[in-house]
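The block underneath contains the structure these notes are about, expressed in structure tokens.
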Amino acid sequence: MSRFSVKLPLVTDRLRIRPFDGERDLLAFHAYRSLPEVCRYAPIEPATRAQISSRLEGDTYTRSELREDGDAWMLAVEETATGEMIGDVILFWRSTAHEQCEVGWTINPAAQGRGYATEAARALAGAAFEHMPVHRLSAVIDERNEASVKVARRLGMRQEARRVDCEWLKGQWVTLTEWAVLEHEWAMLREEHQVAR
């Protein structure tokens, strides 16, 4: 069985992306995951404190590596200046045979509008491409979620598909868009960012 992981924490100019710390993160995690607007475009409902506590004990939040197709790895996003947890990012291992992962991001509305989602997702994507056998990294986004579409574009992803009315979510059909970037494309983007600095 293959085992894939990246060295944590991931540190950016303003953020620290790290494993969840159960009780320490419970209140901050619940503060935004209990909000209807945070769950609006996701296949989840606002969570109670007890549900959040239970989730923080599950594999997705405690694992240190991805081992097989379908595994997911969720990490806390902490603002370095304040030490506060302001969101989370997730990496799904979709296919070992085809070297494909999917990335996702969620930021507390109180911290949105500052580029944190892009910064955190870029750090996780970069680590995945650098330390894991990833050929293609994707993101699946409800097309109504304009903020996340902007993040995907900032990451250098291109829209590859638009699946019209493909899922029944919260009483209505929703259209999902799929975005992706390939390993060699990411390498070129990384060089461009370094030159821009």
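The values are calculated or read from the model by the stated rules, or taken from the named source; none is laboratory data. Computed from a predicted structure; not experimentally measured. Cβ atoms come from the backbone with ideal geometry, glycine included; neighbour counts cover every protein chain shown.
Counting only residues that are among the basic types (Lys, Arg) and not in a loop (DSSP other than H, G, I, E, B), which one in the range 1-23 is surrounded by the most Cβ atoms within 10 Å (Cβ to Cβ)? It comes out as 16. Screening residue 81 on (1) free of Cβ contacts under 8 Å to residues at least 40 places away in the same chain; (2) part of a loop (DSSP other than H, G, I, E, B) shows it passes everything except condition (1). Looking across the range 103-146, the residues that are acidic (Asp, Glu) and over 12 Å from residue 89 (Cα atoms) come down to 130, 142, 143, 146. In the condition set (1) buried (at least 19 other Cβ atoms within 10 Å of the Cβ); (2) within 27 Å of residue 22 (Cβ to Cβ); (3) touching an Asp or Glu at 6+ places or on another chain (Cβ under 8 Å), residue 121 is compliant with all but (3). Checking the stated criteria, residue 37 turns out not to satisfy the condition of being in contact with a Phe, Trp or Tyr (Cβ under 9 Å, 6 or more places away or on another chain), surrounded by fewer than 13 Cβ atoms within 10 Å (Cβ to Cβ) and among the charged types (D, E, K, R).
Contact map, the range 39-55: residues that are on the phi > 0 side of the Ramachandran plot paired with residues that are surrounded by fewer than 14 Cβ atoms within 10 Å (Cβ to Cβ) and part of a loop (DSSP other than H, G, I, E, B), Cβ distance under 6 Å, separation 6+ or inter-chain. No pairs are found. Do we find that residue 128 is surrounded by 14 or more Cβ atoms within 10 Å (Cβ to Cβ), touching a Cys at 6+ places or on another chain (Cβ under 7 Å) and small (Gly, Ala, Ser) in this structure? Here the answer is yes, as residue 128 does meet what is asked.
Restricting 75, 26, 66, 91 to residues that are surrounded by 14 or more Cβ atoms within 10 Å (Cβ to Cβ), modelled with pLDDT under 95 and not basic (Lys, Arg) narrows the list to 66. The residues of the range 89-107 that are part of a strand (DSSP E or B), of a type outside the set (A, V, I, L, M, F, W, C) and touching a residue at least 60 places away in the same chain (Cβ under 8 Å) amount to a single one, 106.
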